[in-house]
Amino acid sequence: MSEFWQALAQGVLIGSTYGLLALGMGLVYGVSGIVNFAHGDFISLAMFMSLALFSAFALDPYVSALITIPVMALIGGLVYRYLLRPMAGHQFLMIVQLTLGLSLVIQNGILMVFGGQPARTPSIVESKLIILGDVVLRLPHLIAFVVAFAMAIGLYVMLRSTDFGRSIRAVHQNARAAALMGVDVGRVQVVTFAIGVGILAVAAALLLPGTPITPTQGLQYTVITLLVVVLGGMTNFVSIMLSGLVIGLSEAFGQIYVSDTLGRLVPYAIFVLIMLFRPQGLTWRTS
Amino acid sequence: MLEVEGLVAGYGGTPMLRDVSVRLAAGEIVGLLGANNAGKTTLINCLSGIVQPMAGRIVFDGQDVTRATARERVELGIIQVPEGRLVFPEMSIRENLLLGGFCDRARPHRPAQMEKVLELFPRLKERLTQAAGTLSGGEQQMLAIGRGLMAEARILMLDEPSLGLSPLFVQYIFEIIDKLHKDGLTMLLVEQNLNLTLRHAQRCYVLERGQIAVEGDADIVKNDPRTRQAYLGL
Ligand SMILES: Nc1ncnc2c1ncn2[C@@H]1O[C@H](COP(=O)(O)OP(=O)(O)OP(=O)(O)O)[C@@H](O)[C@H]1O
Ligand SMILES: [Mg+2]
């Protein structure tokens with residue numbers, strides 16, 4: 001029985017970070033229709049940036065996030081403005097191709113600078129454990145959970161009740177009408193992309209403690225994020241967070257109850273099963 | 001107040017509007033008539049900065065705005081109520097109205113302006129938190145007009161406000177237009193409904209396949225045989 005609670009707790013904690021990763025992707029897809037296949041490589045980039053900051057200044061990943069978040073957001077804004085926006089109106093596959101190309105560029109860039117060996121960025125909280133009865137939680141997971149949900153709630157409130165948030169939703173629901181209200185659609189798209197990539201830097205800091213990193217891990221994060229976004233119906237905020245939990249839980253249960261390697265396939269199996277019976281994913285609204 | 005001179009515009013290099021010149025004086029209702037595909041929406045989108053003209057000039061209040069962005073035109077008070085209403089379906093009436101007053105010029109006065117709009121459309125007031133997508137066509141048209149008014153329009157361009165509405169609603173919308181006219185609002189009324197428009201507008205232009213076929217005072221346009229001709233597409 002303790003195994004069960006252990007898997008449950010671990011799944012929820014990790015799943016919240018997956019949800020956060022997916023929110024970034026869903027937000028971008030909502031306002032510009034772009035699915036960014038370099039998503040996971042942006043996470044890698046943020047993680048290696050933290051590693052560099054640790055090597056140079058011994059900064060804890062939680063502290064260096066204060067630097068990586070704005071830097072990543074800036075990179076995101078520039079990538080959208082000068083690489084993706086000129087492709088607007090072209091075929092969807094061309095943009096996919098472009099982001100895949102970007103993924104390779106980032107991957108090889110990291111390889112050139114850091115080499116190919118797995119690396120780690122230590123944190124002071126890395127090995128701290130919290131013991132609740134039979135369940136052992138790693139402190140970094142708990143921090144990830146709290147921060148991910150706080151960010152999600154913050155984003156939700158921003159989208160609901162600020163003018164900037166409303167303008168994001170307006171561009172998503174009808175870009176032409178938004179332009180007629182005086183919303184600068186291009187600017188909303190750039191800023192949203194920047195926010196989406198900035199969120200990845202947060203997620204990177206949350207995932208780092210205790211996790212080995214390799215330059216080629218990006219695709220894995222992209223795929224997990226895609227899983228969550230598709231399951232969450234692409235743009236529905238609440239169901240994306242929910243899907244993050246579902247994927248996190250299936251991963252945790254898979255690893256504990258099946259086997260470490262085979263268990264990794266469980267999220268995909270669950271994903272396929274849900275999509276077979278509910279093609280619209282876990283959303284309850286159709287749009 | 002608004003002068004359009006020799007406008008040429010289209011899509012992908014093919015002109016849909018050729019040498020179109022239109023004028024609006026302050027406080028006027030000007031009708032823009034024409035059959036399907038005549039180019040009415042294209043013209044209004046040029047005025048909003050959504051479509052870029054290939055040639056010609058647009059002057060608003062003595063200022064050349066031909067190259068101004070859509071946002072800059074909203075800031076100047078050139079406001080469009082689009083064809084098919086285009087309300088934000090998943091947002092409440094209140095949020096739609098707030099977005100109407102999104103521009104810097106209107107934003108500080110939003111609460112007062114919202115009061116006025118809701119006074120004009122009591123039906124919206126009863127449903128403030130209802131999602132716009134669940135409103136009837138007529139209610140959506142009210143909302144679209146209200147949203148345009150939230151921007152404190154100096155010139156309001158209505159693209160087929162009567163499209164798809166029941167006769168009662170059409171009458172109601174035109175009553176609203178008259179009310180706004182009395183308050184001194186300048187309006188460009190794009191319509192296919194010939195008789196109603198001729199009754200409410202002071203002057204009219206008739207577009208025929210991208211060119212102005214007839215123009216002048218409503219009475220003159222009404223009795224010009226070319227008007228009916230342009231309409232029937234003969
Ligand atoms: N986005 C677009 N891309 C290409 N062609 C377009 C586009 N929008 C309109 N057109 C074409 O331009 C012409 C004029 O269209 P427009 O929408 O201005 O006509 P309209 O007078 O508003 O017609 P309606 O009464 O049906 O609204 C039409 O032949 C139309 O097919
Ligand atoms: Mg039209």
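Worth a mention:
- Based on Cα atoms of chain A, Rg over Rh with Rh as the Kirkwood radius reads 0.96.
- Contact order, relative form, for the range A:135-287: 16 percent (alpha carbon pairs under 8 Å, 6 or more residues apart, mean separation divided by residue count).
- Whole-Å distance, taken between Cα centres, linking the range A:57-102 and the range A:184-225: 8
- Residue order, fewest to most surrounding Cβ atoms within 10 angstrom, among B:178, A:41, A:60: B:178, A:60, A:41
- Shielding by partners, peptide A:169-176 (average Cβ within 10 angstrom, other chains): 5
- Altogether, the Stokes-Einstein calculation at 20 °C and 1.002 mPa s, with the Kirkwood radius of the range B:33-133 over Cα pairs as Rh, returns a diffusion coefficient of 138 µm²/s.
- Pairs of Cα atoms farther than 18 Å apart, the range B:126-225, %: 52
- Highest-MSF residue in chain A out of A:220, A:91, A:107 [GNM, Cα springs under 10 Å]: A:91
- Result for chain B in a Gaussian network model with C-alpha springs under 10 Å: among B:113, B:171, B:80, the largest mean-square fluctuation is at B:171.
- Kirkwood-type hydrodynamic radius, the range A:4-106: 15.4 Å, calculated from all non-identical alpha-carbon pairs.
- Ranking of A:246, B:74 by count of other Cβ atoms within 10 Å, fewest first: A:246, B:74
- Rounded tilt (10° steps) of A:92-114 against the dominant C-alpha axis of chain A: 50
- The range A:48-91: Cα Rg divided by the 2.2 N^0.38 Å rule of thumb: 1.59
- Cα radius of gyration and Dmax for the protein assembly as shown (Å): 27.8, 91
- Most fluctuating residue given options A:68, A:99, A:162, as computed from a GNM of chain A linking Cα atoms under 10 Å: A:162
- Dipole magnitude of chain A about its Cα centre (Cβ charges: Lys, Arg +1; Asp, Glu -1), debye to nearest 20: 720
- Ranking of B:40, B:182 by count of other Cβ atoms within 10 Å, fewest first: B:182, B:40
- Computed over the Cα atoms of the range B:70-110, pair by distinct pair, the Kirkwood hydrodynamic radius stands at 11.1 angstrom.
- Rg in Å to one decimal, and Dmax rounded to a whole Å, for chain B via C-alpha atoms: 17.1, 50
The numbers here are math on the coordinates, done by the rules we state, and not lab data. A quick note: this is a predicted structure, and the numbers were derived from the prediction, not measured. Cβ sites come from the backbone with ideal geometry, for glycine too, and all protein chains shown count toward neighbours.
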